[in-house]
Structure formats: C-alpha cells, structure tokens
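Chemist: Here it is, the structure, as structure tokens.
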Amino acid sequence: MVSRREDSDEGVSIAPGVSVLPEALEEHPQPRVVRASFAALGFVAAFGLVVGLRVGGESFVAYFDDISTALAAALSCAMSLRAARRRSGQIRRFWLTMAAACGAWAGAEVIWAVYELGLHEAVPVPSWADVGYLGAIPLAVAALVAHPGLRALRRHGVWAVLDGVLLATALLFLSWTFVLGPLWRHGGLSSAGGLVAIAYPFGDVVLLFLAVFAIRAIGVADRLPLWCVLGGLAAMALSDSLYSYLQETAGYANGNLVDTGWVVAYLGFALGAYAAGTTVVTVEAHGVARRTPSSIVLPLVPVPIALAVIGAKEWLGHRVDRTGWWIALVLTVLVLGRQALLLLDRATGAARRLPGAPPALGGVELGGTTAAPAGAPKR
C-alpha cells in the first residue's frame, strides 16, 4: 500500500490526490468510534421501539418519527462537513459532496415533516420532498466518483467490475421480485408516482455499485468510513424498496417501521464521517486491492440469497416471472465467469513462478495491467 507521506501547506500527502491536515493525525480513533457506534445503535433501538410499539400514541409517534429522521439527516450533513474540513484533495471533495447529498436528504425530511406536522395532510406522491430525496442521489453518485478509490478504477482490474456488476444484478433481482415486478403487473408504474417509486431502488443500486468499487480500491485498514457509508446505503435501499411497494399498494403510513432504515442510513453516513475525521485513507499499490479470502467469498453471498428467494416463492406457490428468471440467469453467468477468471488467474500466477518467468514475478495480470506483490521493487 501507499505509505509515503509528504508535508505541505495543505496537509500531509499520503497518496496522489489524497492528503490529511496535520490536526487530523490524532490518537487512534477506535475507542471513540466504538462509543459513537454504540450510541447510534442505542438510538436506532429506541426509535424502533417507539415506532413499532406506538409508545405515547399516534400523535407522539408522528412527531418523534419526523423530527428524529430530520435530525439524523442533519447530523450526517454536519459530520460530513467536519470530515471535509479536516481533509484536503480528493477525499475533501468526496466529503463536501457527500455533505451536499446529506443536506438534500435533510431538506427533504424537513419538507416531509412540514406536510404532516405543519399542514396536517398526507404527503402527496410526487411531492416537493421527492425533489430533495431524488436530488440527493446524483450528489451521492458524484461524491463516490470523486473518492480516491474510484479514481483508481482504471487500474483496478476486472475483479472490481465483476463484483460490482454481481452485486447490482443481485439487488436488481431482489428489487424486481419484491417491488418492481408486482408494481409492473398491477400497472403501478404508469403514473408519475409510480415512476418516482421506481427511481429510488434504481438509484440505490447505482450507489451501492459505486461504493463497492471504492471500498475495493483502498487499503484494508482504512475501509471503516466507507463500510459505514455502504451500510447506510444498504439500509436506505431496503427502506426505499419497501416504501415504494407500500406506497403503491396503499400500505404506507407515517410512523412505519420502514422509517427505521432511513435513520440507520443517516446515522451510518454520520458515523462514517466521524471515523474519517481521524482516519488516514490510503490507496492500494497500483490501485489493485489484495484478494483476501473475504474479498473472494463475500461477492458470492447474493447467489444463495437469490436461490433462497426463488425456492421460497416456489414453495409458497408464487411463480417467478420470466423477467425474474432472466435476471437470475445473468446472475448465474456472472458468478461462473468470475470463478473461471479466478481459476485462470491462479493458473497464470503459477506459470509466472516457473523458471524464465517475466520480470513481474508473482504479479497478477488482469485487464492488461500487472500488479507487483507487496514489497516487490517497482520496475
């Protein structure tokens, strides 16, 4: 990994385009991050209990839900600005743009609360709140694109591409099976509200796709902030999909447990920004992350999930439609292709260790680029 540091007026350079201000190089932040994590988990648990058990009555739950969600979004915006202030270069642009996205989400939550708590009327679909919710998606995409991990994408090889496409296809399958497919069959996608409803799951898939890319390109020890962001995006994707389905089937009402996912998402963004405030970000040497056992196995997790969904639907007497089968087929082909590439890569690595191997001894050649092993001299 890149470990070189250079002092400058703007901060300490740790990689091309990545630097940290001197005051950010503090004591190890792990204890504080752990405490903040427990605080976030405690609040999420309290939120779920109040909303799920209707503690204090319907009116209290409505106020508690809307205000808590808006405050969580505002906290994520403030923490992102804090992380940006303590950074420079590409990582500063990432957190600044992420702060703009969180600000859009916070504004949308405030507008939602004004509809329900101020005007005492149901939030229409689409509404002005959707402008903020949907506007946050391209801002979050721009933030991830500005991340140093995504800048190294062209040197990252086909592994990250396959893993990202694999994840996106699995999410598309689940979204089609539980949300988009039923809406399509019942004609719920023909209205403006239906189009807004499907925009959220598709936007979430893109964000998760880019977040996986960014995580794969940075050092293993420095992934905590992005793991928090990825966890928040996953929680948001789940709540968005459930909301889209419930909204089109007239099953959503304020104070629903679905709202817990958005609180988890905003707190995940805030926790990631808090962890980034004192965590140095490094990019793997030559932009290629080492393939650990977890990096090989984890991208395959969506496959048994998809198979379990198909089996459960068949067991319950619900047929998987043709589109669902086609998406499942594409997912299977991607997994087989990934495993074939893994075997080919291992065979290539073994051949390079034979006498007469080329200079990049023990390197991994993928997508036309060769990564030297850790500690090997650059040639």
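What follows is calculated from the coordinates using simple rules that are stated; it is not laboratory data. No experiment lies behind these values; they were computed from the predicted model shown. Using ideal geometry, Cβ is built from the backbone for each residue, glycine included, and neighbour counts are taken over all protein chains shown.
Chemist: Under a 5 Å amide H to amide H cut-off, with H placed in plane at 1.01 Å, what residues pair with residue 218 once short-range neighbours are removed?
Modeler: Result for residue 218 returns 284.
Chemist: Counting other C-beta atoms within 10 Å, which of 95, 128, 176 has the fewest, and how do the rest follow?
Modeler: The fewest-first ordering by Cβ neighbours comes to 128, 176, 95.
Chemist: Okay, moving on. Grab the beta carbon distance between residue 117 and residue 307, set R0 = 51 Å, and tell me the FRET efficiency rounded to 0.05.
Modeler: My answer for the efficiency is 0.70.
Chemist: Quick one: Karplus J couplings for the range 33-45, per residue in order, coefficients 6.51, -1.76, 1.60, θ = phi - 60°, nearest Hz, x for Gly and Pro?
Modeler: 5, 5, 4, 5, 5, 5, 4, 5, 4, x, 5, 4, 5
Chemist: Can you work out D for the range 52-126 in µm² s⁻¹ from Stokes-Einstein, where Rh is the Kirkwood radius over C-alpha pairs, the temperature is 20 °C and the viscosity is 1.002 mPa s?
Modeler: 156
Chemist: For the range 109-153, list log₁₀ I(q)/I(0) at each q in 0.14, 0.19, 0.23, 0.26 Å⁻¹, using the Debye formula over Cα point scatterers of equal strength and ignoring solvent, two decimals each.
Modeler: Results for the range 109-153 at q = 0.14, 0.19, 0.23, 0.26 Å⁻¹ read -0.48, -0.63, -0.75, -0.85.
Chemist: How do 202, 60 rank when sorted from fewest to most other Cβ atoms within 10 Å of their own Cβ? Write out the running numbers ahead of the final one.
Modeler: Working: 202 16, 60 13.
So the residues, fewest neighbours to most, are 60, 202.
Chemist: Right, here's the next one. Multiply the residue separation of residue 46 and residue 342 by 0.36 nm, subtract the distance between their alpha-carbon atoms, and state the gained length in nm to one decimal.
Modeler: 102.1 nm
Chemist: Something else now. Which FRET efficiency value, to the nearest 0.05, is calculated for residue 71 and residue 315 with the Förster distance at 41 angstrom and r the Cβ-Cβ distance? Could you put the intermediate results ahead of the total?
Modeler: Details: r = 43 Å, r/R0 = 1.04.
E(calc), rounded to 0.05, equals 0.45.
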